[in-house]
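Shown next, in structure tokens, is the structure this report addresses.
The values are calculated or read from the model by the stated rules, or taken from the named source; none is laboratory data. As the structure is a computational prediction, the values presented were derived from the model and not from experiment. All Cβ positions, glycine included, derive from the backbone under ideal geometry; neighbour counts span all protein chains shown.
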Amino acid sequence: MEIPPGTELVALLGDPVAHSLSPRMHAAAFAALGLRWAYVALRVLPSDLPEAVRGLRALGFVGANVTVPHKEAAAELMDRLDEVARACGAVNTIVFGEGRRALGYNTDVAGVRRTLRYGNVKVSGLRAAVLGAGGAARAVCVALAQEGASEVALFARRVERAEFLAGSMSTLFPHVRFEVHPLQQDALRRGLQEATLLVNATPIGMHPDTGQSPIPSEEVLHDRMGVLDLVYNPSRTRLLRMAERTGARTLSGLWVLAFQGAVSFELWTGRPAPVEVMLRAIDAPRLPEERP
Ligand code: NAP
């Protein structure tokens, strides 16, 4: 493959990166707009991250995506963080701009917000539930607060981690009520009754453990809710199959991947992202009303 001089470069920094769908998705987007740009996935060890970011800047990269396990560490390395990245304490997108300064963004938040709108799930003034209390759960909480949720119930195996997350979110978003519960059947049954949205922000159900679900039984779900699984490998997780059986609206983690990628693409290129091309490139499920 030839990468001619003058090609604009974007990197993905993570570990592992071998199975990432982002190179395929961004290559399709660059091609659709006729841009001479390339996106390269680079495996970086945590101890090498500061040098890797400095190296990208020195080599003239336009920017980068940052993925597991570097999102929090990358935030510490930026010259400036935008407001959302600061709220998340994590960066998934770097732009080398404003005199080649490292500007940090978190497009996972916009990815979740656009996914909710795409899937036609409204949370404004309503109650939502989040499973997990890690980095993705934090981005989901920020997205829900920005979408106007009035209550967010966090369910976690380590309740103290969820309490810490709820505390910092309550400070940032005092108009939202954050609750903490153990990730257990009884608490889920009570906590989900009035929820219009359930988001899985744990890795449970991800390949190779595809038989697992973060909820013990589908009795806790109902047909008035949307269920978003951030896990996208496989794209139809056990949780989403349980949700389908209860008549709940399902939202794919591949949509979040495509929409966060679209926002990153727009930050790097300054052009509207070809979202349909990006969704197709990663075989994201179509909306129910578009299915034949
Ligand atoms: P993380 O920071 O490691 O947090 C994972 C959370 O899940 C923690 O609260 C952890 O609990 C909990 N957890 C893990 N295994 C569990 C288990 N067996 N039972 C109960 N709880 C468990 O990871 P993350 O960055 O938030 O990512 C979470 C998932 O979201 C990953 O699968 C990631 O690929 C996915 N994600 C997808 C997208 C997308 O574009 N679709 C974007 C971001 C993230 P403990 O604290 O007790 O360990």
Which number in (1) crowded, with 24+ Cβ neighbours inside 10 Å; (2) farther than 18 Å from N92 by Cβ; (3) among the small types (G, A, S); (4) touching a Leu at 6+ places or on another chain (Cβ under 6 Å) marks the one condition that S235 misses?
(1)
Only residues that are away from the ligand (no atom under 15 Å from the Cβ) and under 30 Å from V62 (Cα atoms): list them for segment 222-272, please.
E266, L267, W268, T269, G270, R271, P272
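The rows are residues; the columns are (1) modelled with pLDDT under 95; (2) buried (at least 20 other Cβ atoms within 10 Å of the Cβ); (3) away from the ligand (no atom under 12 Å from the Cβ); (4) over 14 Å from the mean Cα position of the chain (by Cα).
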| position | (1), (2), (3), (4) |
| --- | --- |
| D79 | no, no, yes, yes |
| R86 | no, no, yes, yes |
| V109 | no, yes, no, no |
| G125 | no, no, yes, yes |
| G132 | no, yes, no, no |
| R138 | no, yes, no, no |
| R157 | no, no, no, yes |
| A162 | no, yes, no, yes |
| M169 | no, yes, yes, yes |
Test each condition in (1) at pLDDT below 95; (2) touching a Ser or Thr at 6+ places or on another chain (Cβ under 7 Å); (3) of a type outside the set (F, W, Y) for E244 and report the one that comes out false.
(1)
For segment 273-291: of the residues being over 11 Å from H26 (Cα atoms) and within 16 Å of the ligand (Cβ to nearest atom), which is surrounded by the fewest Cβ atoms within 10 Å (Cβ to Cβ)?
D283
Within segment 242-252, take every residue that is surrounded by fewer than 24 Cβ atoms within 10 Å (Cβ to Cβ) and touching an Asp or Glu at 6+ places or on another chain (Cβ under 9 Å) and give me the one that is nearest to L33 (Cα to Cα).
T250
Answer residue from segment 197-214, given it is more than 11 Å from the ligand (Cβ to nearest atom) and crowded, with 24+ Cβ neighbours inside 10 Å and is farthest from L131 (Cα to Cα) among those:
L197
Looking only at segment 1-53, filter to residues that are touching a Lys or Arg at 6+ places or on another chain (Cβ under 9 Å), under 16 Å from T93 (Cα atoms) and of a type in the set (A, V, I, L, M, F, W, C); which one of those is surrounded by the fewest Cβ atoms within 10 Å (Cβ to Cβ)?
V17
Working only within segment 88-107, note down all residues that are modelled with pLDDT under 95 and within 16 Å of the ligand (Cβ to nearest atom).
none
